[in-house]
Amino acid sequence: MKLLTRWGILALAVWVATALVPGITVNGGAWKFLWVALLFGLINSVLGSILKVLALPAVLLTLGLFAFVINAAMLMLTARWSSALDVKNFWSALLASLVISLVSSVLNKTLVKPRYK
C-alpha cells in the first residue's frame with residue numbers, strides 16, 4: 001500500500017511540475033501522469049542511483065546540488081523513452097526536477113507513515 005501511495009504522490013508531483021514549469025507537458029490524462037511517474041521512478045531508482053554513486057565527488061563538492069542535475073537528466077531520459085512526456089530543454093527539466101523533489105518530499109513526509117516509531 002505504501003508503494004502505491006508513493007507512486008500516486010510522484011504522479012501528483014509531476015502534475016504540479018507541469019502546472020508550474022513552462023516547457024514540461026504530459027500529453028494525456030491521469031493515466032498518463034501515472035505512467036510517467038512509474039517510468040520516472042524506475043529510471044531514477046536504477047540509473048539515477050548508479051549515476052549518483054559514480055558522481056559522488058561532484059555531489060559532495062556541490063553539497064548535494066549536483067543530484068538535481070542527475071534528476072534532470074533522468075527526467076529528460078524519461079521524456080525520451082515516453083511519448084507522454086515532453087521536455088523542452090535542460091533548464092525546464094532542472095526546474096521541474098526541483099519542483100518534483102520538493103513536492104514529493106513534503107507529501108511523503110506528511111502522508112506516508114513510518115513503519116516504526
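Hey, does the range 37-44 have a residue that's farther than 23 Å from R115 by Cβ, among the β-branched types (V, I, T) and outside any helix (DSSP H, G or I)? Looking through the range 37-44, none of the residues is farther than 23 Å from R115 by Cβ, among the β-branched types (V, I, T) and outside any helix (DSSP H, G or I).
Which one of these is of a type in the set (D, E, K, R), modelled with pLDDT under 95, part of a helix (DSSP H, G or I) and over 11 Å from the mean Cα position of the chain (by Cα): K113, K109? K109 is the lone residue from the list that is of a type in the set (D, E, K, R), modelled with pLDDT under 95, part of a helix (DSSP H, G or I) and over 11 Å from the mean Cα position of the chain (by Cα). Among the residues of this structure, L98 does not count as one that is in contact with a Ser or Thr (Cβ under 8 Å, 6 or more places away or on another chain), among the hydrophobic types (A, V, I, L, M, F, W, C), part of a helix (DSSP H, G or I) and surrounded by 13 or more Cβ atoms within 10 Å (Cβ to Cβ). Within the range 55-77, the presence of at least one residue that is over 13 Å from the mean Cα position of the chain (by Cα), over 23 Å from G23 (Cβ atoms) and of a type in the set (S, T, N, Q) is confirmed. When the range 55-96 is filtered for residues that are without any contact (Cβ under 8 Å) to a residue 60 or more places away in the chain and of a type outside the set (A, V, I, L, M, F, W, C), the ones remaining, listed by number, are P57, T62, G64, N71, T78, R80, S82, S83.
Listed conditions (1) free of Cβ contacts under 8 Å to residues at least 40 places away in the same chain; (2) within 23 Å of K2 (Cα to Cα); (3) surrounded by 14 or more Cβ atoms within 10 Å (Cβ to Cβ) are all met by W31, apart from (3).
The set of residues in the range 19-57 that are hydroxyl-bearing (S, T, Y) and closer than 11 Å to A84 by Cα contains only T25.
The values are calculated or read from the model by the stated rules, or taken from the named source; none is laboratory data. Since this is a predicted model, take the numbers as computed values, not measurements. When we count neighbours, we look across all protein chains shown, and the Cβ atoms used for this are built from the backbone with ideal geometry, even at glycine.
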